[in-house]
Amino acid sequence: MKRALLVIDIQTLLVEAKPFVIAECLKVWQEAITGCREKGIEVIYIRHNDEELITGSRGWAIDKAVAPQAGEKIFDKHYNSAFKETGLQAYLDSQEIEHVIMMGMATNYCVDTTVKVAFELGYHVSVIENATTTFDEEDMAADQLVKHYKSIWNGRFAQVADLETILKED
């Protein structure tokens with residue numbers, strides 16, 4: 001089964017805002033990107049555009065810690081879903097990618113929506129454990145949000161597993 005890694009909204013403004021366990025996430029994100037490249041798994045970047053993440057601005061850029069290499073695809077989005085009006089599904093289908101591995105920001109918005117939409121579209125979905133982060137909400141702390149969504153995804157919409165386990169799969 002052909003796989004791709006989706007790097008969701010790891011953008012300078014969001015990283016610099018210091019969400020929950022950002023240092024740990026950056027380490028896992030870098031390991032995942034390196035591991036996927038080494039295994040020939042395509043790395044695809046998703047970049048959000050809105051009133052805070054203004055197209056072309058410094059904060060909108062993909063964070064330098066996880067920067068794409070020349071030729072790696074970047075899909076820009078205006079919604080929580082990486083699929084809505086982006087061409088991502090058409091691209092994945094054209095490349096015969098059936099399994100999407102996900103990591104990024106924000107767990108409770110863009111990652112969650114993308115996980116569920118990918119599931120609905122029939123992709124096999126994996127989320128790398130300890131590779132999503134978000135910010136505290138008014139009614140729930142970021143650590144609780146990450147734990148909550150992980151429990152919702154795992155076994156229902158996706159497999160949530162450590163990077164080593166996911167990279168071992170075929």
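Does the range 144-160 include one or more residues that are under 23 Å from GLN30 (Cα atoms), touching a Leu at 6+ places or on another chain (Cβ under 8 Å) and β-branched (Val, Ile, Thr)?
No, the range 144-160 contains no residue that is under 23 Å from GLN30 (Cα atoms), touching a Leu at 6+ places or on another chain (Cβ under 8 Å) and β-branched (Val, Ile, Thr).
Taking the range 1-13 only, how many residues are crowded, with 17+ Cβ neighbours inside 10 Å and either in a strand (DSSP E or B) or modelled with pLDDT under 95 (or both)?
Total meeting the criteria: 7.
One line per residue, one yes/no per condition, for (1) at pLDDT below 95; (2) touching a Gly at 6+ places or on another chain (Cβ under 9 Å); (3) more than 25 Å from GLU164 (Cβ to Cβ); (4) surrounded by fewer than 16 Cβ atoms within 10 Å (Cβ to Cβ):
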| residue | (1), (2), (3), (4) |
| --- | --- |
| HIS48 | no, no, yes, no |
| GLU52 | no, yes, yes, yes |
| SER81 | no, no, yes, no |
| GLY87 | no, no, yes, yes |
| SER94 | no, no, yes, yes |
| VAL115 | no, no, no, no |
| PHE119 | no, no, no, no |
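Could you look through the range 121-146, keep only residues that are surrounded by fewer than 22 Cβ atoms within 10 Å (Cβ to Cβ) and polar (S, T, N, Q), and pick out the one that is nearest to ILE97 (Cα to Cα)?
Among them, the one singled out is ASN130.
So, of the residues in the range 147-164 that are of a type outside the set (Phe, Trp, Tyr) and closer than 18 Å to GLU98 by Cβ, which turns out to be surrounded by the most Cβ atoms within 10 Å (Cβ to Cβ)?
Restricting attention to the range 147-164, the residues satisfying the condition of being of a type outside the set (Phe, Trp, Tyr) are 147-148, 150-152, 154-156, 158-164.
Applying the additional criterion that residues be closer than 18 Å to GLU98 by Cβ yields 158-159, 161.
Details: ALA158: 22, GLN159: 18, ALA161: 17.
It comes out as ALA158.
For the list (1) farther than 21 Å from CYS25 by Cα; (2) touching a residue at least 40 places away in the same chain (Cβ under 8 Å), I need the number of the one condition that GLU138 fails.
Looking at each condition in turn, GLU138 falls short on (2).
Determine which member of the set GLU24, GLU16, GLU42 is buried (at least 17 other Cβ atoms within 10 Å of the Cβ) and of a type in the set (Asp, Glu).
Just a single option satisfies the conditions, and that option is GLU42.
The values are calculated or read from the model by the stated rules, or taken from the named source; none is laboratory data. Note that this is a predicted model, so its numbers are computed, not measured. Virtual Cβ from ideal backbone geometry, glycine too; neighbours counted across all protein chains shown.
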